[in-house]
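S.K.: This is the structure I want to talk about, given as structure tokens.
The values are calculated or read from the model by the stated rules, or taken from the named source; none is laboratory data. These figures come from a predicted structure and were not determined experimentally. All Cβ positions, even for glycine, are placed from backbone atoms using ideal geometry, and neighbour counts span all protein chains on display.
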Amino acid sequence: MRKKRGKRIGFVPTMGALHQGHLSLIRLARKHSDFVVVSIFVNPTQFGPKEDFKKYPRNLKKDAALCQSSGANLIFAPSPEEIYPKGFSTYVTVEGLTQGLCGASRPGHFKGVATVVSKLFNIVQPDAAVFGQKDAQQLAVIRRMTADLDLPVKIIGAPIVREPDGLAMSSRNRYLSLEERQQAVALSRALNMAQRLVKSGKRESGIVKRELIKVLKHYAPLGKIDYLEIVDNATLKPVKVIQKNTLLALAVKFPRARLIDNIIV
Ligand code: AMP
């Protein structure tokens with residue numbers, strides 16, 4: 001993609017099935033640039049063999065209209081064959097940061113993410129790219145990769161956009177049954193409770209974790225806790241005492257959807 005002369009290119013990579021969370025990223029990209037490119041690509045290499053690659057919602061027409069109404073200037077929606085032509089064999093691996101949290105339950109996921117994002121950066125050549133804090137580990141991995149490989153892209157983190165009841169917006173929320181949807185609010189409820197605990201002076205991770213588990217088990221009995229971690233927001237290493245820039249991150253598996261959420265305290 002040729003650089004617009006003298007214009008700053010902002011970039012928002014997505015997998016489509018766009019919602020207000022994605023649109024907030026597009027609007028933020030607009031603030032940081034003159035020309036916004038949105039990619040819509042359900043990236044096969046970041047899905048595990050038993051994950052939802054095939055049934056991941058795809059609706060390019062609707063997504064295109066949403067992109068346009070949010071200030072995007074160009075949509076890049078390649079086919080898997082364009083991104084991974086026959087013989088493709090080069091991957092980007094970010095070590096360390098990708099071991100825990102989502103990386104532990106989704107082996108290979110971040111290798112797929114880092115690979116496709118580096119390819120998209122090379123194709124789009126953006127000056128700035130926006131990623132949601134919703135995927136906190138992904139944001140940390142992209143920041144690391146961009147710094148480590150000297151990629152000339154400014155990485156911008158965007159706050160989590162939530163439903164009115166607090167559930168973090170996600171393309172996968174549509175997989176939830178009515179009952180599961182009602183219980184899914186437990187994720188943000190638990191995180192808010194944890195923040196209140198920290199504010200009231202309870203800062204030992206062990207204690208806060210126990211309380212988080214109690215809330216999740218009580219309000220979301222249909223969900224199974226996949227992980228619940230209290231880590232440093234940059235290194236993603238566990239912390240014993242919650243301080244500034246501590247990330248509380250969790251994933252809960254419902255029968256049809258695995259949901260993630262987090263909060264920085
Ligand atoms: P996805 O299409 O799910 O791969 O997400 C594309 C981008 O949108 C990623 O940077 C996500 O972190 C971001 N995103 C997804 N959901 C939200 C949300 N509820 N709030 C803010 N950003 C989000």
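S.K.: So residue 188 passes all but one of these: (1) surrounded by fewer than 18 Cβ atoms within 10 Å (Cβ to Cβ); (2) outside any strand (DSSP E or B). Which condition number does it fail?
M.R.: (1) is the only condition that residue 188 fails.
S.K.: Checking the structure you have, find out if any residue of region 27-38 is within 10 Å of the ligand (Cβ to nearest atom) and either within 21 Å of the chain's Cα centre (by Cα) or of a type in the set (D, E, K, R) (or both).
M.R.: There is at least one residue in region 27-38 that is within 10 Å of the ligand (Cβ to nearest atom) and either within 21 Å of the chain's Cα centre (by Cα) or of a type in the set (D, E, K, R) (or both).
S.K.: Identify, from the list 114, 129, the residue that is of a type in the set (A, V, I, L, M, F, W, C) and under 19 Å from residue 36 (Cβ atoms).
M.R.: Answer to the selection: 129.
S.K.: While we're looking at this one, here's another question. Applying the selection to region 116-152, what residues are touching a residue at least 60 places away in the same chain (Cβ under 8 Å), away from the ligand (no atom under 14 Å from the Cβ) and either not in a helix (DSSP H, G or I) or not hydrophobic (A, V, I, L, M, F, W, C) (or both)?
M.R.: Result: 125, 127.
S.K.: Which of the residues spanning region 234-265 are surrounded by fewer than 16 Cβ atoms within 10 Å (Cβ to Cβ), part of a loop (DSSP other than H, G, I, E, B) and under 20 Å from the mean Cα position of the chain (by Cα)?
M.R.: 234, 235, 237, 245, 256
S.K.: Working only within region 48-66, note down all residues that are part of a helix (DSSP H, G or I), out of contact with any strand residue (DSSP E or B) (no Cβ under 6 Å at 6 or more places or on another chain) and either of a type in the set (D, E, K, R) or buried (at least 18 other Cβ atoms within 10 Å of the Cβ) (or both).
M.R.: 61, 62, 66
S.K.: Checking the structure you have, find out if any residue of region 99-112 is basic (Lys, Arg), out of contact with any strand residue (DSSP E or B) (no Cβ under 8 Å at 6 or more places or on another chain) and within 16 Å of the ligand (Cβ to nearest atom).
M.R.: Filtering region 99-112 for residues basic (Lys, Arg) gives 106, 111.
Next, from what is left, pick out any that are out of contact with any strand residue (DSSP E or B) (no Cβ under 8 Å at 6 or more places or on another chain): 106, 111.
Those still in the list that are within 16 Å of the ligand (Cβ to nearest atom) too: 106, 111.
Yes, some residue in region 99-112 is basic (Lys, Arg), out of contact with any strand residue (DSSP E or B) (no Cβ under 8 Å at 6 or more places or on another chain) and within 16 Å of the ligand (Cβ to nearest atom).
S.K.: State which residue is nearest to the chain's Cα centre (by Cα) when the search covers only region 185-222 and only residues that are within 21 Å of residue 165 (Cβ to Cβ) and among the polar types (S, T, N, Q).
M.R.: 188
S.K.: Does residue 171 satisfy being of a type in the set (Gly, Ala, Ser), surrounded by 13 or more Cβ atoms within 10 Å (Cβ to Cβ) and farther than 23 Å from residue 51 by Cβ? Break it down into steps so the answer makes sense when it comes.
M.R.: Values: of a type in the set (Gly, Ala, Ser): yes; surrounded by 13 or more Cβ atoms within 10 Å (Cβ to Cβ): yes; farther than 23 Å from residue 51 by Cβ: no.
It is false that residue 171 is of a type in the set (Gly, Ala, Ser), surrounded by 13 or more Cβ atoms within 10 Å (Cβ to Cβ) and farther than 23 Å from residue 51 by Cβ.
S.K.: Which condition number does residue 45 fail, the rest of (1) surrounded by 15 or more Cβ atoms within 10 Å (Cβ to Cβ); (2) on the phi > 0 side of the Ramachandran plot; (3) out of contact with any strand residue (DSSP E or B) (no Cβ under 8 Å at 6 or more places or on another chain) being met?
M.R.: (2)
S.K.: Is it the case that residue 231 is β-branched (Val, Ile, Thr) and assigned to a strand (DSSP E or B)?
M.R.: Yes: the conditions hold for residue 231.
S.K.: If you don't mind, another one. Criterion first (at pLDDT 95 or above and surrounded by fewer than 18 Cβ atoms within 10 Å (Cβ to Cβ)) does residue 103 satisfy it?
M.R.: Considered against the rule, which asks whether it is at pLDDT 95 or above and surrounded by fewer than 18 Cβ atoms within 10 Å (Cβ to Cβ), residue 103 comes out as no.
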